[in-house]
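To keep things clear, I will list the structure first and then write my remarks on it.
Taken together, the values in this text are just the output of simple stated rules run on the coordinates, not laboratory data. Everything quoted here is computed from the prediction, not taken from an experiment. As a convention, Cβ positions derive from the backbone with ideal geometry for all residues, glycine included, and neighbour counts pool all protein chains shown.
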Amino acid sequence: MAARVSTPGAQKWSKRLLFALLLALLLLPAIQAKFQLVELMPLSGYSEAAPEPDFSPETVFDNSYQPALDKYLEEQIGFRPWMIRLRNQLAYSVFKLDRANNTVLGIDDMMFDGRAADSYLGRDFVGEAEIDRNVRRFKDVQDTLASHGTLLVFVIAPGKSDIYSDMMPADYRNAPHTRSNYTAYAEKLAAANVNLLDMSALFRHWRDTSAYPVFPRGGIHWSLWARDLAVDTLFDYVRQRGHFNFPDCYVTNREVSNIPRDTDDDLAKVLNLFKEPEAFRMSYQKLEFTPLQPGQRKPNLLLVGDSFAWGIVAYLSSVFSPESHFWYYNTEVQWSGAGGLPEQKQVNQLDKRVELKGRDVVLVLYTEPNLTAFDNYFSASVYKAYHPYTAADNLRIQGIKQQLMQDTALTSRLQERAYHDNIPLTTLFEWEAIGAFDKIR
Amino acid sequence: MVFSSTLFLFYFLPSFLLLYYAVPARLKNAVALLASLGFYAWGGLHFLGLFLASVVVNFVLIRYMDATSQRSRKRVFLLLSIVLNVGMLFYFKYANFFLDNASAVRSYLGGPALTWEKVVLPIGISFFTFEKLTYTIDVYRGVNKPLKSFWDFLLYIMLFPKMIAGPIVRFHEIAGQLTDRSAFDTVDQKLAGLFRFGIGLAKKVLIANVLGEQADLIFKMNPATLSAPLAWLGAVAYTFQIYFDFSGYSDMAIGLGRMMGFQFPENFNNPYISRSITEFWQRWHITLGRWMRDYLYIPLGGNRVKPSRLYVNLWTVFILSGFWHGAAWNFIAWGAFHGLFLVLDRLFLLRLSRRLGSFSIVPTFLITVVGWVLFRSETLGGALAYAGRMFAGGTSSLPYFTPEFWTTLTLASGFAFLAALPTVERRALRVLAAEHLTLPRALALSITTAVLLILSVSYVLSSSFNPFIYFRF
């Protein structure tokens, strides 16, 4: 056993101070969590927050409270944004790594969405049969709507990985590149005479000719500069294809800056660094529209699309009527030309025939990587609205239902849902069967 | 509760330390015991009653054993205590294993498979059972008198820093400290303890977890799809992961102990610079090795038996050691694998390694790498298939791994092998075992501790934060 070593008083007190400081270091995060002494910039990106756990003897005894509290405290602890930014900054600065969910850091710090990169390489290819079916149904819907005086257009928004494939990291550049959903849809939609605006093809051209980059370094979406080019092109397309006469646009307030705006650094932000990578020098301008002239009118538009569609929403009210709507991911009504939102926002609860009646234009806009789900069931649901099930269809649905009822994993999942949502189990199987049938119809 | 969790680092540990330092010496054991009970109950509330009951029974049995003067009666109490402790371990840890195997044999013979409710393993049972046994046997052997206070005994078993994953502290190593720790109650010990804790946390979080992520990916792959270089890379990554993980946990336990005035035994001593498997077991999980030697190998006859018996004993001890690590055939195979090399050491390998000098570090390391494949795989069949790929030959190029992984692997190798240089080993020992710190050294240690803590915490907190760019339906 070692003998106790005494130290001179001053040294001892200095060491005690050091130890106290280290203890304070351990205490500070909990104090900050409670009192928020320092204001910190919140972290960017979307993640499910852990709920505050319910404390009760039951939850403690069945051991569900403890891990839930662990998780909750981890998210609430003070200085968490700093700690996470420190880790991310180290990974980025030392190893050129990004730690956001499914992002890829390419050459010259060009950032990509990992899902889009996989999609470009054809890793999520859904198969020719499914694509043929979707294209056939979309064309059918296009023809049906045309007979009611509605122009339906499919717009493929560009994928950054496709346009800047040469700037992806080596492991992606050297990976096998097979047929992608984009390639197949672009080819088959055009061949089926679907009203198609293939922005990807345009962007590949613009990349070489445009004065500014068509995608920002730190953004997942088209650059604001290229977005405006796309809006101008899209409105021209609608004007010509639908024989509409609506206001023209012109550019004002042009500024050149290397401070990214709006979505031009949405990927960079989600890296959650102390210092974002330097952005490309970009032109930022405003599109203005000429006032409505005699003989002009604002068409009634339904826009259905993913986050790229948000880029054009800002301009819609200048060109389209107040009855116009935006269905985000064909799931929720998230914009209305009249301002405010309808009471029923869930798209699956809307009567499609009523919603489409009186529309002049329906734009369906999805970006390349989202083509795995094609148009998120939009054309299928409209097709169903105009072509109700036949007796043969119902028979097939019942057949599928019987098959699904043999699936034990599905049964247990649906039993749980039936109990939770108070819906008869047989109804849930019916819904599942209808969903499966609609996919192959 | 895990040492690297937010709850432990920022709530439990600082609150406990503040209270522990604030109370007078006579109340420190009570504070430590309450904290340990809370620590255990956090993850094992179900088992707390059973666990406490077993400690009470063990304590009473040993009191009776000590009170009696008859050797035969002492032996009865000894056996009762051993049966109680080993019986509990056997039931909780091995019942599923034996029933699984019995069921498999029954199915093989055409009978229906057995069904039973799976037995849940109480946290830390392997470690605290061994500690209870050392108390029993040390008192029986007369090495120590039994503790007068039940609470001190409970504290010995439950002391939270070492309860879940060791080091296995033999009773006689800590008996005196349970009642008087004033000799180690210095600010130097506390600073050094916190430094050691920081080192351990960094080893686990900055090295083991980073390597573990990739090792997990490789071990999850179908062995048939693995190229030889990839299989070796996975095995080597796991080799360093398990070392930095386990030794990091031991460092944290030792450091926490020092902050409380306890001196726990060392558990690791640069095992990958060993020149033979015999030496490896003197450097790897040292407290388990000592336990096995003192309470199993020596009672079996130790070295004082004829060679053939000695080899059988060695092998038996290592097979049991493997079985102690996990109730599965691959752990038994891992124990047998190491036992085999210990026997071969005695037969001829030690002579060969002496001739090779420091070069024998390489083959010894490779043997341990292969051994870890048995340890890491989910099944014995999986382990053999994986090992088969390692020796299948071929030079296909490796898939992409991040520069962070390669840098961490290089650092881990550096830290693990640098101690082969005697000056480095001596210096590391001086830093870790220092009992008196000059002010500049205390300052350097404190700064290093702060940096390691901040870095480790940043890794811990960011590991569960992977945001999506946007909410998608």
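Quick rundown of the values:
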| quantity | calculated |
| --- | --- |
| Most mobile listed residue (A:33, A:418, A:211) in chain A, GNM with C-alpha springs under 10 Å | A:418 |
| For B:430, A:136, order by how many other beta-carbon atoms lie within 10 Å, fewest first | B:430, A:136 |
| Cα centroid of the range A:156-216 to Cα centroid of the range A:238-279, whole Å | 19 |
| Normalised contact order of chain A, rounded percent, pairs of Cα under 8 Å and 6 or more residues apart | 15 |
| Value of relative contact order over the range B:209-277, rounded to a whole percent, pairs C-alpha under 8 Å and six or more apart | 28 |
| Computed over the range B:22-180, the ratio Rg/Rh where both radii use C-alpha atoms and Rh is Kirkwood | 1.06 |
| Aspartates and glutamates whose Cα lies under 17 Å from that of residue A:12, excluding same-chain neighbours fewer than 8 positions away | B:185, B:188, B:435 |
| Between the range A:330-406 and the range B:1-75, the Cα center-to-center distance that results, in Å | 62 |
| Anchor residue A:275: lysines whose Cα lies under 20 Å away (excluding residues fewer than 8 positions away in-chain) | A:96 |
| Quotient of Cα Rg and 2.2 N^0.38 Å for the range A:391-440, N being how many residues it contains | 1.12 |
| Unit charges on C-beta of K, R, D, E only; dipole of chain B, Debye | 1260 |
| Using alpha carbons only: equivalent-ellipsoid semi-axes of the range B:241-307, gyration tensor based, whole Å | 26, 17, 8 |
| Residues A:286, A:384, A:34 arranged by fewest to most Cβ contacts within 10 Å | A:34, A:286, A:384 |
| Three-way shape call for the range B:121-201 based on the alpha-carbon gyration tensor, with the a/c threshold at 1.5 | oblate |
| Per-residue average of Cβ from other chains inside 10 Å of B:167-178 | 0 |
| Nonlocal amide H pairs with residue B:168, under 5 Å, H built at 1.01 Å | B:287, B:288 |
| Chain A - mean residue ellipticity at 222 nm from DSSP helices (-39,500 (n - 2.57) per run, n ≥ 4, rounded to 500) | -15000 deg cm²/dmol |
| Tally of Lys pairs whose C-alpha atoms are under 19 Å apart, taken over chain B, 8 or more apart or cross-chain | 14 |
| Rg to Rh quotient for the range A:66-214, alpha carbon positions, Kirkwood Rh | 1.13 |
| Ranked list, fewest to most other Cβ atoms within 10 Å of each Cβ, for A:427, B:364 | A:427, B:364 |
| Part-to-part distance (alpha-carbon centres) for the range B:284-340 and the range B:356-413, which is given in Å | 24 |
| Cα gyration tensor shape for chain B, rounded if a/c is under 1.5, else prolate or oblate | rounded |
| Assigned charges on the beta-carbon of Lys, Arg, Asp, Glu; the range A:56-188 dipole about Cα centre (debye) | 220 |
| Distant-in-sequence amide H partners of residue A:366 (H built 1.01 Å from N, under 5 Å) | A:155, A:157 |
| The range A:183-269 shape via C-alpha gyration tensor axes, a/c threshold 1.5 | oblate |
| Whole-number D in µm²/s for the range A:103-386 (Stokes-Einstein; Kirkwood sum over Cα pairs; 20 °C, 1.002 mPa s) | 109 |
| Estimated FRET transfer efficiency when R0 is 25 angstrom, pair residue A:415-residue A:395 (beta carbons, to 0.05) | 0.45 |
